[in-house]
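Working notes, structure below.
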């Protein structure tokens with residue numbers, strides 16, 4: 001094995017609570033990529049913050065570089081999902097679930113999805129077949145600019161430079 005020129009990219013240390021749930025992931029090579037985790041009383045994950053851990057490893061110093069928060073109903077379905085990058089909200093979403101725990105506003109599997117997912121940015125709802133199988137995944141609704149180019153397209157820059165002849 002040749003180790004000449006190798007560089008350590010990540011070296012991770014983990015902390016756990018009495019329920020064996022991970023409470024933090026400390027990256028000793030890139031401290032700003034460390035993570036802090038939060039749980040509710042039943043122990044599902046409800047929060048993740050990325051940034052530099054404080055000395056007690058129970059908080060992030062300053063503003064988290066990345067934040068994710070989940071609000072759960074008693075059965076564990078996401079009723080709320082929030083993501084932030086350096087304190088700015090990227091996604092703030094609420095979801096409705098039916099009796100089968102599907103992301104839907106009613107119990108009719110075969111109908112057109114309702115407004116089960118709401119928030120910013122807008123997402124399209126999933127669709128289900130009559131057996132309750134998800135046939136269309138939830139996803140961001142497409143955004144088009146004035147030139148009919150997808151706003152989030154990797155070719156957006158080229159699309160923006162297009163000029164009609």
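The values are calculated or read from the model by the stated rules, or taken from the named source; none is laboratory data. Remember, it's a predicted structure, so these values are computed and weren't measured experimentally. Don't worry about glycine lacking a Cβ; one is built from the backbone with ideal geometry, like all the others, and counts go over all protein chains shown.
When residues of region 34-44 are filtered for being surrounded by 13 or more Cβ atoms within 10 Å (Cβ to Cβ) and modelled with pLDDT under 95, how many remain?
1
Which number in (1) under 17 Å from the mean Cα position of the chain (by Cα); (2) under 26 Å from residue 102 (Cα atoms) marks the one condition that residue 50 misses?
Exception for residue 50: condition (2).
Suppose we filter region 87-96 for residues that are touching a residue at least 24 places away in the same chain (Cβ under 8 Å) and either outside any strand (DSSP E or B) or surrounded by fewer than 17 Cβ atoms within 10 Å (Cβ to Cβ) (or both); how many remain?
Residues in region 87-96 being touching a residue at least 24 places away in the same chain (Cβ under 8 Å) and either outside any strand (DSSP E or B) or surrounded by fewer than 17 Cβ atoms within 10 Å (Cβ to Cβ) (or both): 5 in total.
Of the residues in region 53-84, how many are within 22 Å of residue 17 (Cα to Cα), buried (at least 17 other Cβ atoms within 10 Å of the Cβ) and within 20 Å of the chain's Cα centre (by Cα)?
5
State all residues of region 75-86 that are in a loop (DSSP other than H, G, I, E, B) and at pLDDT 95 or above; if no residue qualifies, say none.
Passing the criteria: only 86.
Of the residues 115, 101, which single one is outside any strand (DSSP E or B), within 25 Å of residue 71 (Cα to Cα), modelled with pLDDT of 80 or more and out of contact with any strand residue (DSSP E or B) (no Cβ under 8 Å at 6 or more places or on another chain)?
Going through 115, 101 in turn, the sole match is 101.
Any idea which of 49, 10, 58 is touching a residue at least 12 places away in the same chain (Cβ under 8 Å) and in contact with a helix residue (DSSP H, G or I) (Cβ under 9 Å, 6 or more places away or on another chain)?
10
Pull out all pairs, ordered by first then second residue, where Cβ-Cβ is under 6 Å, the residues are six or more apart or on different chains, the first lies in region 105-124 and is on the phi < 0 side of the Ramachandran plot and surrounded by fewer than 14 Cβ atoms within 10 Å (Cβ to Cβ), and the second is at pLDDT 80 or above and in a strand (DSSP E or B).
Close Cβ pairs (under 6 Å, with a partner that is at pLDDT 80 or above and in a strand (DSSP E or B)) amount to 118/94; 120/92.
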